[in-house]
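Please treat every number below as a calculation from the coordinates, not as lab data. Worth saying up front: this structure is predicted, and the values here are computed from it rather than measured. Cβ atoms come from the backbone with ideal geometry, glycine included; neighbour counts cover every protein chain shown.
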Amino acid sequence: MRRWVLPAILLAGLIGLWQVAASTGALKDALNLQSFLVPSPAEVAESLWENRALLAENAWVTLREMVFGILAAVVVGVGFAVGMHRWQVMRDAAYPLIVASQTIPVLVIAPILTVWFGYGIAPKVVIIALVCFFPLTINALDGLRAVEPEAVKMMRSLDASRWQLFRRVEAPTALPHLFTGAKIAVVIAPIGAVFAEWAGSSAGLGHLIQSDTANFEVARQFATVAVLSALALALMALTVLAERRVVGWR
Amino acid sequence: MKPQLADLEQISSSARNTGSELSLRGVSHSYGELATLAAIDLQVEAGEVVGLVGPSGCGKSTLLELICGLREPDGGEIAIEGNAGARDRLARCAFMPQRDLLLPWYSAIDNAALALRNQGMRREPARAAARDLFERFGLGGFETARPAELSGGMRQRVAFLRTLIAGKPLLALDEPFAALDAITRGQMQEWLATAVRTDPRTVVLVTHDVEEALYLCDRVVVLSARPARIVAEYSAPVRRTEKRDAAVTGAEFAATREKALQSLREGSR
């Protein structure tokens with residue numbers, strides 16, 4: 001209970017403060033802005049309700065991008081981790097490059113990928129996969145390396161093939177680590193999605209935020225951000241549920 | 001690396017039931033500059049239980065891994081039933097590591113049946129085979145328990161059954177009871193003595209506990225500090241019985257234990 005109640009109280013308190021600051025005009029005076037640029041939480045909620053169809057439509061676009069992007073990252077990340085675990089040569093060759101790839105800002109490659117792959121879902125999936133595959137790869141690799149050398153000897157002595165060793169010892173050992181990576185991936189996926197949509201798109205929550213910036217639709221921008229957060233939290237909840245089901249022995 | 005079915009079928013059924021002979025000739029090994037074993041010669045008869053005792057870090061565990069075919073020695077030859085290849089040895093040995101290393105994602109019975117599953121048996125027949133041993137070895141009722149729910153002694157029993165069920169003629173046990181408290185260790189020693197008597201195999205037991213070795217083994221080999229060589233051998237003063245307290249308090253047992261400890265001290269220098 002406490003785990004939910006305390007953050008809920010804190011959130012309610014912050015929203016209440018914001019409501020008071022916005023509705024009394026204190027916030028807009030402090031920022032020296034017109035009131036439509038400084039919406040109160042009530043106005044954001046109103047915008048959320050009024051634009052529900054538009055938001056749902058764009059949320060669906062972004063959700064699909066994120067789900068496909070994360071799934072692609074899981075496939076690529078697990079593939080890299082298993083390969084680097086299995087072949088030392090691959091680890092020595094690829095590991096530094098994988099780390100280096102994370103120093104390239106998404107902001108820079110997003111427009112390039114849009115030029116290459118067009119305005120559809122493809123560049124978004126690639127960009128989200130690119131930001132998500134790093135935590136997945138590194139955590140999965142750590143997990144595979146967490147296997148005890150003695151357990152490997154025991155399995156070999158009990159007639160295990162390479163595949164049986166992977167299936168019965170290495171993979172289950174790595175799974176909790178993989179889920180840790182997945183939780184990080186789910187949280188950073190929306191950032192990748194927004195940057196990808198900003199680089200060129202015709203729909204999606206990031207696209208909506210961008211066009212609202214041009215039109216000073218600040219209330220709807222807040223509403224869009226709230227929807228984006230809700231999507232990320234829902235994906236997080238799904239990941240945690242899946243973890244509990246799959247890693248039941250913990 | 002995996003032993004092929006042909007390797008497993010070569011092992012005679014009589015050897016599976018009573019164990020098979022092991023011979024080491026001039027076995028030496030080193031890790032880089034560090035010499036761990038120096039010219040070990042040892043002959044173990046089929047069905048014999050031999051204890052390897054030595055100071056910590058002397059290379060006992062390395063010797064066990066070499067015997068099991070998990071490594072090849074730098075020099076000399078290790079043969080089981082006359083077969084000297086690492087793969088042949090791997091097919092004939094079951095290795096029990098120091099810690100139980102039960103897999104937390106499997107139930108106790110699935111942990112015990114691990115070797116049968118690896119050998120290609122389907123889940124249900126493998127469980128049925130393990131269930132039989134659970135009853136015989138005092139683990140009945142704990143088949144579906146997760147390893148985390150078992151006590152240290154129980155976990156060690158499951159780990160031993162996992163080694164036994166593999167059906168190998170030679171069991172290699174690496175300090176199986178080192179992590180247990182004194183009372184549980186005593187109980188486990190009696191349990192193992194019974195298990196080895198009812199299900200005879202060739203056993204090589206590594207331990208740093210002289211008393212444990214003399215109680216459980218037919219013969220105890222004392223190794224020196226690194227690089228390990230054999231400094232002394234002692235025959236067990238009493239036949240293995242399940243009455244540990246009576247066995248280890250006898251005058252002859254105590255005298256042999258003191259002599260063995262003396263050899264151990266001299267070899268440690």
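Take the Cα of A:GLU46, step 7 Å toward its Cβ, do the same at B:SER268, and the gap between the two points is 8.5 nm.
Applying a DSSP loop filter and a limit of 15 other Cβ atoms within 10 Å to the trypsin sites (Lys or Arg not before Pro) in segment B:208-249 leaves B:ARG239, B:LYS243.
Once the Cβ-Cβ distance of B:ASP41 and A:GLN88 is raised to the sixth power relative to R0 = 35 Å, the FRET efficiency obtained is 0.45.
For the protein assembly as shown, what is the calculated [θ] at 222 nm in deg cm²/dmol (nearest 500), taking -39500 (n - 2.57) for each run of four or more DSSP H residues and dividing by its residue count?
After summing the helix terms and dividing by the residues of the protein assembly as shown, the value is -19500 deg cm²/dmol.
A cysteine counts as unpartnered when no other cysteine's C-beta lies under 4.7 Å of its own; in the protein assembly as shown this applies to A:CYS132, B:CYS58, B:CYS217.
Here the relative contact order of chain B, from alpha carbon pairs under 8 Å that lie six or more residues apart, stands at 26 percent. Where in segment A:180-200 does the label zone of A:LEU107 land, with the point 7 angstrom along Cα→C-beta and an amide N cut-off under 20 Å? Residues passing the 20 Å test: A:188-200.
With both labels modelled 7 Å from their Cα along Cα-to-Cβ, the A:VAL115 to B:GLU149 distance reads 6.2 nm.
Counting other Cβ atoms within 10 Å, which trypsin sites (Lys or Arg not before Pro) in segment B:99-190 have at most 11 and lie in a DSSP loop? When the trypsin sites (Lys or Arg not before Pro) of segment B:99-190 are filtered for loop state and at most 11 Cβ neighbours within 10 Å, B:ARG122 remain.
Label separation (A:ALA100 vs B:ALA255): 7.5 nm, computed from points 7 Å beyond Cα along the C-beta direction. The ranking of A:MET236, B:MET96 from fewest to most other beta carbons within 10 Å of each one's beta carbon is A:MET236, B:MET96.
Counting only Cα atoms, the size of segment B:95-188 along its three principal axes is 38, 28, 24 Å, in decreasing order.
Measuring r between the beta carbons of A:ALA242 and A:ARG167 and using R0 = 25 Å, the FRET efficiency lands at 0.80. When the Cα atoms of segment A:39-246 are aligned to their principal axes, the ranges along those axes come out at 68, 36, 23 Å in descending order. If a spin label sat at a point 7 angstrom from the Cα of A:ALA146 along the line to its beta carbon, the backbone N atoms of segment A:158-191 nearer than 17 Å would be those of A:166-185. For A:LYS153, the lysines whose Cα comes closer than 25 Å to its Cα, not counting residues fewer than 8 places off in the same chain, are B:LYS2, B:LYS60, B:LYS168. Multiplying the residue separation of B:ALA179 and B:ALA128 by 0.36 nm and removing their Cα-Cα distance gives an extension gain of 15.4 nm.
Relative contact order for segment A:39-246 using alpha-carbon pairs under 8 Å, separation at least 6, rounded to a whole percent?
It comes to 31 percent, rounded to a whole number.
When GluC sites (Glu not before Pro) are flagged only if DSSP places them in a loop and at most 15 other Cβ atoms lie within 10 Å, the longest unflagged stretch of chain B comes out as B:46-241.
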